[in-house]
Each structure stands twice: as structure tokens, then as C-alpha cells.
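*Asks:* Supplied in C-alpha cells, the structure appears directly below.
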């Protein structure tokens with residue numbers, strides 16, 4: 001599944017890199033986002049939003065670089081018992097990007 005990503009802010013670093021924050025709206029327990037504005041992306045941090053979680057909603061989000069596509073991040077959402085979430089809440093991800 002593909003998640004919806006909304007850019008919140010971007011801060012330039014030296015050497016053409018940026019720190020970019022996105023709000024991610026998930027639609028499944030696993031999914032990915034391809035960040036087409038960048039040639040490479042590296043997840044730095046994932047921040048679950050503080051909301052009143054539904055039963056079965058994720059409390060942990062795993063973000064990992066895709067093994068074959070340099071500008072894609074794969075996500076997995078987990079409930080408290082380390083099983084896949086069944087209800088989905090928005091979360092934020094901070095990326096280091098290369099253009």
C-alpha cells in the first residue's frame with residue numbers, strides 16, 4: 001500500500017542535503033512512500049502523533065530505507081503487543097534527503 005505524505009518543513013544542510021519533515025497518513029499496517037523530489041532519502045526519526053488512539057491503533061512505527069529504490073521509505077505499524085496495527089493514525093517522519 002502507498003501512504004499519503006504531506007511536507008511540513010524543510011531545512012537546508014551543507015552539500016545539497018536537507019532535513020525534511022512529513023506528515024504521513026497510513027492506510028494499512030505496512031506501506032511505503034516514494035519521495036520523488038529527492039534522489040536519496042534516509043529516515044532519521046519517526047514521531048507518532050499524540051491522539052486518542054483507537055483500539056488496535058499503532059503505537060510504534062518502523063521506518064526503513066528501501067533496499068532497491070533510494071528515494072523510498074518502507075513503514076510498518078505495530079500495536080503494543082508487537083503485532084500489526086489494525087487501526088491507523090497519522091505520524092510524522094524526519095528525513096535526511098539528497099537532491
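All of the numbers you see were taken from the coordinates with simple rules; none came from a lab. Since the structure is predicted, the reported quantities are computational estimates derived from the model, not experimental observations. All Cβ positions, even for glycine, are placed from backbone atoms using ideal geometry, and neighbour counts span all protein chains on display.
*Asks:* Calculate how large, on average over all directions, the projected area of the Cα convex hull of the chain is; give the answer in nm² to one decimal.
*Replies:* Reported value for the Cα convex hull: 6.1 nm².
*Asks:* On to the next question. What distance in nm separates the two pseudo spin-label positions at residue 19 and residue 44, each 7 Å out from Cα along the beta-carbon direction?
*Replies:* My value for the distance between the label points is 0.4 nm.
*Asks:* Oh, and also: Which of the peptides 5-12, 84-91, 60-67 is most tightly packed, and how do the rest follow, judged by the mean count of other Cβ atoms within 10 Å per residue?
*Replies:* Descending mean neighbour count gives 84-91, 60-67, 5-12.
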